[in-house]
Amino acid sequence: VSKHRLSKIDWKQAAVWGFNNNLNSANHSVAGVRMIDADTVEIIKRKDQNKSMFFKFGFDQTGLYERVVINRKDKTVAVDRMDANWWIPEPFLGQRDLFYMDNKDREAY
């Protein structure tokens, strides 16, 4: 988990970046959007890519999915990289970047 403290900028900038990141390329698409609760949105993006030659030998296929969780109540944005592996049937969390605001900056926005 990598935590990134947003100082002197609005948390909405991280939310817009999390949603728009890589959507201008032809091999990325939005796979699903759902409201978890009244303040939390989950966006799943999929990257179309061929599996590597070593995938069947147990090497991870990195960046297959990307999950963006935007929480308006806490003013946080979590960008999760979901990877795949031959031996694990479902995608798993490979990396998480959490963008959050300081308490002093939270009151300004």
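All of the numbers you see were taken from the coordinates with simple rules; none came from a lab. Remember, it's a predicted structure, so these values are computed and weren't measured experimentally. For neighbour counting, all protein chains shown are included, and Cβ atoms are generated from backbone atoms with ideal geometry for every residue, glycine included.
What the table below lists for this structure:
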quantity: Nearest-20 debye value, the chain charge dipole, Cβ charges on Lys, Arg, Asp, Glu; calculated: 120
quantity: Qualifying lysines (Cα of each under 26 Å from Cα of Lys3; at least 8 residues distant if same chain); calculated: Lys12, Lys45, Lys47, Lys73, Lys75, Lys104
quantity: For the range 10-109, the spread of Cα positions along each principal axis, largest first, Å; calculated: 51, 25, 21
quantity: Under DSSP loop assignment and at most 11 Cβ neighbours within 10 Å, longest trypsin sites (Lys or Arg not before Pro)-free interval of the chain; calculated: 9-72
quantity: Chymotrypsin sites (Phe, Trp or Tyr not before Pro) lying in DSSP loop within the range 1-96, provided at most 11 other Cβ fall within 10 Å; calculated: Phe54, Trp87
quantity: Alpha carbon centroid spacing (whole Å) that separates the range 8-28 from the range 70-97; calculated: 15
quantity: Helix-only [θ]222 nm of the chain, DSSP H runs n ≥ 4, -39500 (n - 2.57) each, per residue, nearest 500; calculated: -4000 deg cm²/dmol
